[in-house]
Amino acid sequence: MSNFSQFMKANKKEKKNGFYAPTASLPDETTGNPVEWEFRHLTSRENDTLRDACTIEVQVTGKPNLYRPRLDTSRYLNKMICAATVCPDLYDSALQDSYGVKTPEELIYAMVDDPGEYAELCVWMQKFQGFSKTLEDKVEEAKN
């Protein structure tokens, strides 16, 4: 039998922020190593809000008036990265202006403009947020 007090909020472990260097094109001035960014864990509610914002209704082929939800995975991952980024401040207008963009989502693409690095950032972010399998893994699994 479990002790009910174990479930109290005071006993819940705090999730620490994570650090990751998403691009080699932004080196540290002193060491020359890629600058690490700081990321926070999202709550389940924040994740649901992101997923809902990136889900669209798609008509089922050959079935008029029948729709199914489809997650725009690229948009979802981009928004997840933006929501989790603590440093740099992606909402800073001076930083956005320096890249010639107007939104945090565009800024991520501008700062991490190497497709391979961006893909690695997406994989790292999903694991950091607690997803044991990436969305790409799940798509491949569903295909088989």
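The values are calculated or read from the model by the stated rules, or taken from the named source; none is laboratory data. As the structure is a prediction and not an experimental result, all values here were calculated from the model. All Cβ positions, even for glycine, are placed from backbone atoms using ideal geometry, and neighbour counts span all protein chains on display. Heads up: the accessible areas ignore ligands, DNA and RNA and are worked out on the full protein's heavy atoms, side chains in. Shrake-Rupley method; radii C 1.70, N 1.55, O 1.52, S 1.80 Å.
Once C-alpha pairs closer than 8 Å and six or more residues apart are averaged by separation and normalised to the residue number of the chain, the relative contact order reads 19 percent.
Once the Cα-Cα distance is subtracted from the 0.36 nm per residue extended length, the residue 71 to residue 24 segment shows a gain of 13.9 nm.
Here the Karplus curve 6.51 cos²θ - 1.76 cosθ + 1.60, taken at θ = phi - 60°, turns the phi angles of the stretch 76-90 into couplings of 4, 5, 4, 5, 5, 4, 4, 5, 8, 6, 9, 9, x, 6, 5 Hz, with x standing for Gly and Pro. Each Lys and Arg Cβ is given +1 and each Asp and Glu Cβ -1; about its Cα centre, the chain then shows a dipole of about 1080 debye.
With 0.36 nm allotted per residue and the present C-alpha distance subtracted, the residue 56-residue 5 stretch has 14.2 nm of extension available. Cross-link pairs exceeding 28 Å between alpha carbons, from the set 13/102; 16/79; 63/127: 13/102; 63/127. A DSSP coil position with no more than 12 other Cβ atoms inside 10 Å describes the following chymotrypsin sites (Phe, Trp or Tyr not before Pro) in the stretch 51-128: 91. Once the C-beta distance of residue 43 and residue 114 is scaled by a Förster radius of 30 Å, the resulting FRET efficiency is 0.50 to the nearest 0.05.
Residue by residue, the stretch 117-129 carries 3J(HN,Hα) couplings of 5, 5, 5, 5, 4, 4, 5, 4, 4, 4, 5, 4, 7 Hz when phi is fed to the Karplus relation 6.51 cos²θ - 1.76 cosθ + 1.60 (θ = phi - 60°); x denotes Gly or Pro. For the stretch 17-25, the Karplus equation 6.51 cos²θ - 1.76 cosθ + 1.60, evaluated at θ = phi - 60°, returns couplings of 5, x, 10, 7, 9, x, 8, 6, 7 Hz by residue, with Gly and Pro reported as x. Normalised Debye scattering of the stretch 1-108 at q = 0.14, 0.19, 0.25 Å⁻¹ gives log10 I(q)/I(0) of -0.78, -1.06, -1.37, counting only Cα atoms as equal scatterers and leaving out solvent.
For the chain, with all protein chains in place and a probe radius of 1.4 Å, 52% of the accessible heavy-atom surface sits on carbon or sulfur. Take the Cα of residue 15, step 7 Å toward its Cβ, do the same at residue 140, and the gap between the two points is 2.4 nm. Kindly identify the stretch 1-45 as rounded, prolate or oblate by the Cα gyration tensor criterion: order the square roots of the eigenvalues as a ≥ b ≥ c, call it rounded if a/c is under 1.5, otherwise compare a/b with b/c, prolate if a/b is larger, else oblate. Taking the square roots of the gyration eigenvalues as a ≥ b ≥ c, the stretch 1-45 is prolate.
Residue 87 sits among other residues whose Cβ lies under 15 Å from its own Cβ, and their net charge, with Lys and Arg +1 and Asp and Glu -1, is -3.
Heavy atoms of the protein chains alone define the surface here; on that basis the chain has 70 Å² accessible area per residue at 1.4 Å probe size.
Only helices enter the 222 nm calculation for the chain: every DSSP H run of n ≥ 4 contributes -39,500 (n - 2.57), and dividing by all residues gives -12000 deg cm²/dmol, rounded to 500. Among 90, 107, 66, the largest mean-square fluctuation in a Gaussian network model of the chain (Cα springs under 10 Å) belongs to 66.
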